[in-house]
Amino acid sequence: QKANGYLILRVLVAIVLIWHGYGKLFGFGISGVQGFFEQINLPAAGVLAVLVTILELFGGIAILLGVFTRLLGIWMIVQFGLIVIWVKPALMGVVFVAMDKAGSELDLLLVAAGVLLATNGAGILALGPRLLKQRWAE
(Lines give C-alpha, C1' and ligand atoms only; values in the text may rest on other atoms or scores of the structure.)
Protein backbone atom coordinates (compact mmCIF):
# COMPACT_ATOMS: atom_id res chain seq x y z
CA GLN A 1 0.00 0.00 0.00
CA LYS A 2 2.88 2.34 0.74
CA ALA A 3 4.16 1.78 -2.80
CA ASN A 4 0.72 2.51 -4.26
CA GLY A 5 0.47 5.80 -2.37
CA TYR A 6 3.95 6.75 -3.50
CA LEU A 7 3.02 5.99 -7.12
CA ILE A 8 -0.02 8.26 -6.81
CA LEU A 9 2.20 11.05 -5.45
CA ARG A 10 4.65 10.61 -8.33
CA VAL A 11 1.88 10.70 -10.94
CA LEU A 12 0.20 13.76 -9.44
CA VAL A 13 3.50 15.65 -9.13
CA ALA A 14 4.23 14.78 -12.75
CA ILE A 15 0.83 16.09 -13.85
CA VAL A 16 1.40 19.39 -12.01
CA LEU A 17 4.85 19.81 -13.59
CA ILE A 18 3.65 18.90 -17.09
CA TRP A 19 0.68 21.25 -16.74
CA HIS A 20 2.89 24.17 -15.69
CA GLY A 21 5.59 23.44 -18.27
CA TYR A 22 3.01 23.11 -21.04
CA GLY A 23 1.43 26.40 -19.99
CA LYS A 24 4.78 28.13 -20.04
CA LEU A 25 5.78 26.73 -23.43
CA PHE A 26 2.49 27.01 -25.28
CA GLY A 27 0.69 29.68 -23.23
CA PHE A 28 3.12 32.40 -22.25
CA GLY A 29 5.88 31.21 -24.54
CA ILE A 30 9.55 31.35 -23.62
CA SER A 31 9.61 35.09 -24.26
CA GLY A 32 6.70 35.64 -21.86
CA VAL A 33 8.43 33.60 -19.16
CA GLN A 34 11.65 35.50 -19.80
CA GLY A 35 9.79 38.80 -19.52
CA PHE A 36 8.35 37.79 -16.17
CA PHE A 37 11.76 36.68 -14.93
CA GLU A 38 13.21 40.02 -16.00
CA GLN A 39 10.44 41.88 -14.15
CA ILE A 40 11.39 40.15 -10.91
CA ASN A 41 15.09 40.72 -11.59
CA LEU A 42 16.20 37.13 -11.96
CA PRO A 43 19.71 36.87 -13.41
CA ALA A 44 20.09 35.21 -16.82
CA ALA A 45 16.33 35.44 -17.35
CA GLY A 46 16.48 34.05 -20.89
CA VAL A 47 18.49 30.99 -19.91
CA LEU A 48 16.36 30.37 -16.83
CA ALA A 49 13.15 30.71 -18.86
CA VAL A 50 14.27 27.96 -21.21
CA LEU A 51 15.57 25.71 -18.41
CA VAL A 52 12.51 26.07 -16.19
CA THR A 53 10.06 25.53 -19.04
CA ILE A 54 11.86 22.51 -20.48
CA LEU A 55 12.54 20.97 -17.08
CA GLU A 56 8.95 21.36 -15.95
CA LEU A 57 7.46 19.90 -19.13
CA PHE A 58 9.95 17.15 -19.93
CA GLY A 59 11.00 16.61 -16.31
CA GLY A 60 7.35 16.03 -15.49
CA ILE A 61 7.11 13.47 -18.28
CA ALA A 62 10.28 11.76 -17.03
CA ILE A 63 8.95 11.65 -13.46
CA LEU A 64 5.68 10.20 -14.74
CA LEU A 65 7.65 7.45 -16.49
CA GLY A 66 10.00 6.96 -13.54
CA VAL A 67 13.14 8.00 -15.41
CA PHE A 68 15.88 10.05 -13.66
CA THR A 69 13.45 10.62 -10.79
CA ARG A 70 16.11 11.10 -8.11
CA LEU A 71 17.97 13.70 -10.17
CA LEU A 72 14.73 15.50 -11.03
CA GLY A 73 13.77 15.43 -7.34
CA ILE A 74 16.96 17.36 -6.57
CA TRP A 75 16.11 19.83 -9.34
CA MET A 76 12.64 20.28 -7.80
CA ILE A 77 14.13 21.03 -4.38
CA VAL A 78 16.40 23.68 -5.88
CA GLN A 79 13.90 25.29 -8.26
CA PHE A 80 10.90 25.43 -6.00
CA GLY A 81 13.01 26.28 -2.95
CA LEU A 82 14.38 29.28 -4.85
CA ILE A 83 10.86 30.24 -5.89
CA VAL A 84 9.81 30.30 -2.24
CA ILE A 85 12.86 32.32 -1.22
CA TRP A 86 13.30 34.66 -4.17
CA VAL A 87 10.08 34.87 -6.17
CA LYS A 88 7.55 34.60 -3.35
CA PRO A 89 9.36 36.00 -0.32
CA ALA A 90 6.09 36.80 1.44
CA LEU A 91 6.09 33.34 2.94
CA MET A 92 9.42 33.81 4.67
CA GLY A 93 8.35 34.92 8.14
CA VAL A 94 5.48 37.19 7.17
CA VAL A 95 2.89 34.85 5.70
CA PHE A 96 0.65 35.12 8.74
CA VAL A 97 0.90 38.91 8.76
CA ALA A 98 0.34 39.34 5.03
CA MET A 99 -1.94 36.50 3.99
CA ASP A 100 -2.87 38.38 0.84
CA LYS A 101 0.72 37.90 -0.35
CA ALA A 102 0.83 34.17 0.33
CA GLY A 103 1.10 31.79 -2.58
CA SER A 104 4.05 29.55 -1.89
CA GLU A 105 1.96 26.64 -0.66
CA LEU A 106 2.21 24.69 -3.92
CA ASP A 107 5.92 25.45 -4.17
CA LEU A 108 6.53 24.17 -0.64
CA LEU A 109 4.62 20.99 -1.41
CA LEU A 110 6.73 20.53 -4.55
CA VAL A 111 9.90 20.95 -2.46
CA ALA A 112 8.61 18.23 -0.12
CA ALA A 113 7.73 16.00 -3.08
CA GLY A 114 11.20 16.64 -4.50
CA VAL A 115 12.72 15.46 -1.23
CA LEU A 116 10.70 12.24 -1.42
CA LEU A 117 11.58 11.65 -5.06
CA ALA A 118 15.28 12.41 -4.52
CA THR A 119 15.58 10.14 -1.51
CA ASN A 120 13.32 7.25 -2.55
CA GLY A 121 13.53 7.21 -6.35
CA ALA A 122 10.62 6.42 -8.60
CA GLY A 123 9.25 3.40 -6.78
CA ILE A 124 6.98 0.92 -8.52
CA LEU A 125 6.27 0.98 -12.24
CA ALA A 126 9.43 2.96 -13.01
CA LEU A 127 10.84 2.60 -16.50
CA GLY A 128 14.26 4.10 -15.74
CA PRO A 129 15.96 1.02 -14.29
CA ARG A 130 14.37 -1.21 -16.94
CA LEU A 131 15.24 0.96 -19.93
CA LEU A 132 18.68 2.14 -18.88
CA LYS A 133 19.70 -0.89 -16.77
CA GLN A 134 21.05 1.47 -14.11
CA ARG A 135 19.80 2.00 -10.57
CA TRP A 136 20.68 5.72 -10.74
CA ALA A 137 18.34 6.11 -13.71
CA GLU A 138 15.44 5.62 -11.31
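Quick notes on this structure:
- The range 1-13 - residue that is under 12 Å from LEU125 (Cβ atoms) and touching a residue at least 12 places away in the same chain (Cβ under 8 Å) and, of those, surrounded by the most Cβ atoms within 10 Å (Cβ to Cβ): ARG10
- Inter-residue pairs, beta-carbon under 7 Å, first without any contact (Cβ under 8 Å) to a residue 40 or more places away in the chain and in the range 69-81, second surrounded by 18 or more Cβ atoms within 10 Å (Cβ to Cβ) and part of a helix (DSSP H, G or I), 6+ apart: TRP75/GLY59; GLN79/VAL52; PHE80/ASP107; PHE80/LEU110; PHE80/VAL111; PHE80/GLY114; GLY81/VAL111
- A count restricted to the range 14-53 and to residues that are more than 15 Å from PHE80 (Cα to Cα) and open to solvent by less than 30 Å² (accessible area, probe 1.4 Å) stands at 6.
- So LEU82, is it open to solvent by 70 Å² or more (accessible area, probe 1.4 Å) and modelled with pLDDT of 80 or more: yes
The values are calculated or read from the model by the stated rules, or taken from the named source; none is laboratory data. What you are looking at is a predicted structure, and each value in this text was computed from that prediction instead of being measured. No Cβ is skipped: glycine too gets one built from the backbone with ideal geometry, and neighbour counts run over all protein chains shown. The accessibility values were calculated without ligands, DNA or RNA, using every heavy atom of the protein model including side chains. Shrake-Rupley method; radii C 1.70, N 1.55, O 1.52, S 1.80 Å.
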